[in-house]
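Q: One structure follows; several queries about it will come next.
Nothing in this text is a laboratory measurement; each read-out follows from the coordinates by a stated rule. In this text the structure is predicted, and so the values were computed from the model without any measurement. For neighbour counting, all protein chains shown are included, and Cβ atoms are generated from backbone atoms with ideal geometry for every residue, glycine included.
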Amino acid sequence: MSIEFIYPEFEVIRDQSRCIGCRVCQRQCANEVHSYDDDLKILKSDESKCVNCQRCVSMCPTRALKIVKSDCTLRENANWQNNTIKEIYKQANSGGVLLSSMGNPNPLPVYWDRILINASQVTNPPIDPLREPMETRVFLGKKPDKIERGKDGKLKCNLSPQLELSMPVMFSAMSYGSISYNAHESLARAAKELGIFYNTGEGGLHEDFYCYGDNTIVQVASGRFGVHEDYLKAGKGIEIKMGQGAKPGIGGHLPGTKIVGDVSRTRMIPEGSDAISPAPHHDIYSIEDLRQLVFSLKEATEYKKPVIVKVAAVHNIAAIASGIARSGADIIAIDGFRGGTGAAPTRIRDNVGIPIELALASVDQRLRDEGIRNNVSLVVGGSIRSASDVVKAIALGADACYIATAAVLAMGCHLCRTCQSGKCNWGIATQRPDLVKRLNPEIGSKRLVNLMNAWRHEIKELMGGMGINSIEALKGNRLMLRGVGLNDRELKILGISHAGE
Amino acid sequence: MQLEGQVRIPSGCAIAAAISRDGKTMTGEKIMNAMKPMHDRSNGLGGGFAAYGIYPEYRDLYAFHFFFKDRASRKDCEVFLKEYFEIVKSEIIPTRKIPEITDEPIIWRYFVAPLKSMVSSAQVDENEFVARMVMRVNIEVSGAYLFSSGKNMGTFKAVGFPEDVGRFYRLDEYEGYSWTAHGRYPTNTPGWWGGAHPFTLLDYSIVHNGEISSYDANRRFIEMFGYKCTLQTDTEVITYIMDYLIRRQGLTMNEASSVIAAPFWSTIENKTDTEDKEKHIYLRTMFPNLLVTGPFSIVFGFRGGLMALNDRLKLRSMVVGEHDDMVYIASEEAAIRVMDNNVKNIWAPSGGEPVIVKVREGVNI
Ligand code: SF4
Ligand code: SF4
């Protein structure tokens, strides 16, 4: 070995007394960790290639395998931690920018976990969702300032187009290209069955999926891949992607190796060429430019589609959101710094942006202070992990949540965080046909539907406990939240009291 | 200990109301008696009444009822008022000394007309101007609390049992065509008169029994439109919601109740009358943040009428009874029977279904 050597992160433990030599692991591993020794008639492993995606572990018929964290470590040092040192080695070896995928894994505060939810006792009855109706339907979009009446005195429907959701959760943007055809199909089918929306991401919409248009949000990002009139009209809403929580301030880069066949056609770029989304939209250098794009898209779709503007949660988010709320946009989507990604520079993913909880609280309050909260709906994402995160987000003031990591987990992702390699063993973040077919859209969509149904039940239970029987009455209801272990400044930003107060 | 307004205090309650559809007046005696059989629904920490038609000689003036901490705060307040209003009459509100009611503040009333120049420079109508001034007085003038601001109507409230509060204010000497009453059971002892109910703004008054679970969602929404919830009570926020929906948005009473006690989506979907269905879909989509959940029964008083409404699950008791021109509403039937032993047609309106009673057209109220 040499100065370039970095000891593998994981060890592959094979219980030889259990292994029957079926070679499933070998066939399943796109990273080629497992190999068969014809002479010795045993399986061997090259753990240096292992990403701990758990595919072999899950597929081994005899439970002969486990992957453990290697205990070969450098000398302990609280300042120069193992990871930090290894990253320096990697960069000294390659001279390159470090790449990562999925969300920020570092132990920064998760505010959701420091917020607790209320329940009714004595003065007000809890409601049992099994006996009483419990409503989770929401409408996203601008609400007019005043009602209008016709000549006959009857109320006129003066609402601009709204997105109707059966529950306040949607599948967030993941482009076709960064994830597979089968993953997209799973999301689209599940969204349709659930009465919610999935989001095409920035890679266009495969022609096979136009039939899910009523449950689709089409995205327009800085690369404008796959954007044309039919595409804009295909969905129920249009999202302008200004930024992403995992990598605020930079664009995207889908390597040419993933731009094959249908992906290239859908994106409308040549096969094998890298798909590079610039950091800014080159027609949006300021808020007034955003307004023009919002209205161009509305114009192109005859004012029939609400427009979402998606931004990353950054320091100045409240002022930015206030600008967007006046730009003609109908919905603002804010993506927190823990949001996932198919690939991002590690330093940016781990150090740029702010937690969604704080961003949401300050945006909601700012829009109310300015009296324009009704101009827009707020959708938040960036690591919404459970039904209780959803409930907390709604109580802080969100209209709905975006989930992506939770959705890919439901489809089989094991969060190995190497999506950028394109060799996802679970058939999600890959375009290799042999891998893609591992994700059966029938099963993928079923599992997404299961997950959302489970969350819906939990949301109802939590609401019932608070004596609330409709999600509208939870929105912005911060009195239902208390902080634990938060300082005064944090509580002030979140607009909640401390537990015990 | 924190005063009401600095802290939110849940409470249970008793409510009662009586109105003559012919606009015939009655003294406060009747409604005071109604509260007696419901004594145990209050705990002596708040009682109050709203009375309509009691100031016919000042029919066109706003009647402002105030609590003042001391003489100085009253003087400060008068300086403030005089900048914006012509004070036509100013007097102490007469009370009766009784052992049950103690620690009273200075209780004063003014009959005022807003200065035309002030109204026009604010570029709003007179009611909006007065509503804004009510908010301002209560925030800006320390030691003053303006708790009644309608025309030809007034609120009377105190810390005590409602029947004692009525005697204290000598309500047997007032004559009105419509009365509402409230007895309070707060789960805390704020001991502040302002916290008692009814809560009023302009001609609108609310008495309410319940604890709403949507409180903060409603409060944070309504505060966008210039309302300030200084008391943190359900009654206050519901009053502002009604004012916003009816006076500012121009909804009818029925439409407003379809907002705050909206039918379930499943009920709306099953409606066969498409016009009605579309109306409800519109109202729920337009005003989702004003849906009120959790138990409540309210009586909403306005010039010339009353509206009774329960939460959509009917988690609080409320009954209505009729006899000739009279309509009675109360938390318990017993209270109605005390007001009128020969009452006919007693029924319990179902959840979310408003009962609206109006004085006949043509009666001068
Ligand atoms: S899958 Fe399991 S049993 Fe089969 S070869 Fe691999 S380790 Fe052995
Ligand atoms: S999508 Fe695939 S590659 Fe990405 S983290 Fe999940 S399992 Fe790993």
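Q: Looking for something closer than 26 Å to A:T405 by Cβ, in a strand (DSSP E or B) and of a type in the set (A, V, I, L, M) - is there at least one such residue anywhere in region A:322-331?
A: Yes; the residues of region A:322-331 include at least one that is closer than 26 Å to A:T405 by Cβ, in a strand (DSSP E or B) and of a type in the set (A, V, I, L, M).
Q: Still on this structure: Scan region A:118-159 for residues that are surrounded by fewer than 16 Cβ atoms within 10 Å (Cβ to Cβ) and among the aliphatic types (A, V, I, L, M) and report the count.
A: Count: 4.
Q: Also: Exactly one condition in (1) within 9 Å of chain B (Cβ to nearest Cβ); (2) assigned to a loop (DSSP other than H, G, I, E, B) is false for A:F139; which is it?
A: If we test A:F139 against (1) within 9 Å of chain B (Cβ to nearest Cβ); (2) assigned to a loop (DSSP other than H, G, I, E, B), just (2) comes out false.
Q: Give the residue that is farthest from the other protein chains (Cβ to nearest Cβ), with candidates limited to residues of region A:110-129 that are in contact with a Pro (Cβ under 7 Å, 6 or more places away or on another chain) and in a loop (DSSP other than H, G, I, E, B).
A: A:A119
Q: If you don't mind, there's one more thing I want to ask. Within region B:206-252, how many residues turn out to be within 12 Å of chain A (Cβ to nearest Cβ) and of a type in the set (D, E)?
A: Counting residues in region B:206-252 that are within 12 Å of chain A (Cβ to nearest Cβ) and of a type in the set (D, E) gives 4.
Q: Surrounded by 13 or more Cβ atoms within 10 Å (Cβ to Cβ) and more than 16 Å from ligand 2 (Cβ to nearest atom): is that true of A:K90 in this structure?
A: Yes.
Q: Among the listed residues B:I238, B:I246, B:I212, which satisfies the condition of being surrounded by fewer than 24 Cβ atoms within 10 Å (Cβ to Cβ) and among the β-branched types (V, I, T)?
A: Sole residue among the options that is surrounded by fewer than 24 Cβ atoms within 10 Å (Cβ to Cβ) and among the β-branched types (V, I, T): B:I246.
Q: Next question. Residues in region B:165-188: is at least one of a type in the set (A, V, I, L, M, F, W, C), under 27 Å from A:A119 (Cβ atoms) and more than 10 Å from every other protein chain (Cβ to nearest Cβ)?
A: Within region B:165-188 (the criterion being of a type in the set (A, V, I, L, M, F, W, C), under 27 Å from A:A119 (Cβ atoms) and more than 10 Å from every other protein chain (Cβ to nearest Cβ)), the answer is no, since none of the residues qualifies.
Q: Out of A:V436, A:V484, report the one residue that is under 21 Å from A:L116 (Cα atoms) and either under 17 Å from the mean Cα position of the chain (by Cα) or surrounded by fewer than 19 Cβ atoms within 10 Å (Cβ to Cβ) (or both).
A: Result: A:V484 is the single residue among A:V436, A:V484 that is under 21 Å from A:L116 (Cα atoms) and either under 17 Å from the mean Cα position of the chain (by Cα) or surrounded by fewer than 19 Cβ atoms within 10 Å (Cβ to Cβ) (or both).
Q: Now a separate question. Keeping to region A:26-51, report how many residues are closer than 18 Å to A:S421 by Cβ, in contact with a Leu (Cβ under 9 Å, 6 or more places away or on another chain) and either part of a helix (DSSP H, G or I) or within 16 Å of ligand 2 (Cβ to nearest atom) (or both).
A: Total meeting the criteria: 1.
Q: A further question follows. For region A:210-258, give me each residue that is within 16 Å of the chain's Cα centre (by Cα) and either hydroxyl-bearing (S, T, Y) or assigned to a strand (DSSP E or B) (or both).
A: Passing the criteria: A:T216, A:I217, A:V218, A:Q219, A:E239, A:I240, A:K241, A:G252.
Q: Sticking with this one: Is there a residue in region B:152-169 that is small (G, A, S) and in contact with a Ser or Thr (Cβ under 7 Å, 6 or more places away or on another chain)?
A: Yes, region B:152-169 has at least one match.
Q: Run down B:I336, B:I356, B:I346 and say which single residue is among the β-branched types (V, I, T) and within 19 Å of the chain's Cα centre (by Cα).
A: One residue alone meets the criteria, B:I356.
Q: Moving on to the next point. Within region B:295-312, identify whether any single residue is of a type in the set (D, E, K, R), crowded, with 22+ Cβ neighbours inside 10 Å and within 18 Å of the chain's Cα centre (by Cα), and answer yes or no.
A: yes
Q: So which of A:E185, A:E164, A:E193 is touching a Pro at 6+ places or on another chain (Cβ under 8 Å) and among the acidic types (D, E)?
A: Result of the check over A:E185, A:E164, A:E193: A:E185.
Q: Report yes if A:L435 is away from ligand 1 (no atom under 16 Å from the Cβ) and either within 20 Å of A:K143 (Cα to Cα) or of a type in the set (S, T, Y) (or both), otherwise no.
A: So A:L435 does not fit the description; no.
Q: Does region A:347-355 contain any residue that is buried (at least 22 other Cβ atoms within 10 Å of the Cβ), away from chain B (no Cβ under 14 Å) and within 16 Å of ligand 2 (Cβ to nearest atom)?
A: For region A:347-355, residues buried (at least 22 other Cβ atoms within 10 Å of the Cβ), away from chain B (no Cβ under 14 Å) and within 16 Å of ligand 2 (Cβ to nearest atom): present.
Q: I'd like to check something: does region A:52-60 contain any residue that is loosely packed, with under 14 Cβ neighbours inside 10 Å, more than 16 Å from ligand 2 (Cβ to nearest atom) and either of a type in the set (D, E, K, R) or within 27 Å of A:A429 (Cα to Cα) (or both)?
A: No, every residue in region A:52-60 fails to be loosely packed, with under 14 Cβ neighbours inside 10 Å, more than 16 Å from ligand 2 (Cβ to nearest atom) and either of a type in the set (D, E, K, R) or within 27 Å of A:A429 (Cα to Cα) (or both).
Q: Going by what's in this entry, would A:A407 be described as buried (at least 24 other Cβ atoms within 10 Å of the Cβ), in contact with a Phe, Trp or Tyr (Cβ under 7 Å, 6 or more places away or on another chain) and more than 14 Å from chain B (Cβ to nearest Cβ)?
A: Yes, satisfied.
Q: Quick check on A:C22: is it within 16 Å of ligand 1 (Cβ to nearest atom) and surrounded by 15 or more Cβ atoms within 10 Å (Cβ to Cβ)?
A: In short, no.
Q: Answer yes or no as to whether A:A400 is under 16 Å from the mean Cα position of the chain (by Cα), within 14 Å of chain B (Cβ to nearest Cβ) and buried (at least 18 other Cβ atoms within 10 Å of the Cβ).
A: Yes; evaluated as a whole, the condition is true for this residue.
Q: Let me ask another. Quick one: in region A:460-473, of everything that is buried (at least 24 other Cβ atoms within 10 Å of the Cβ) and under 25 Å from the mean Cα position of the chain (by Cα), which residue is farthest from the other protein chains (Cβ to nearest Cβ)?
A: Looking at residues that are buried (at least 24 other Cβ atoms within 10 Å of the Cβ) and under 25 Å from the mean Cα position of the chain (by Cα), I get A:K460.
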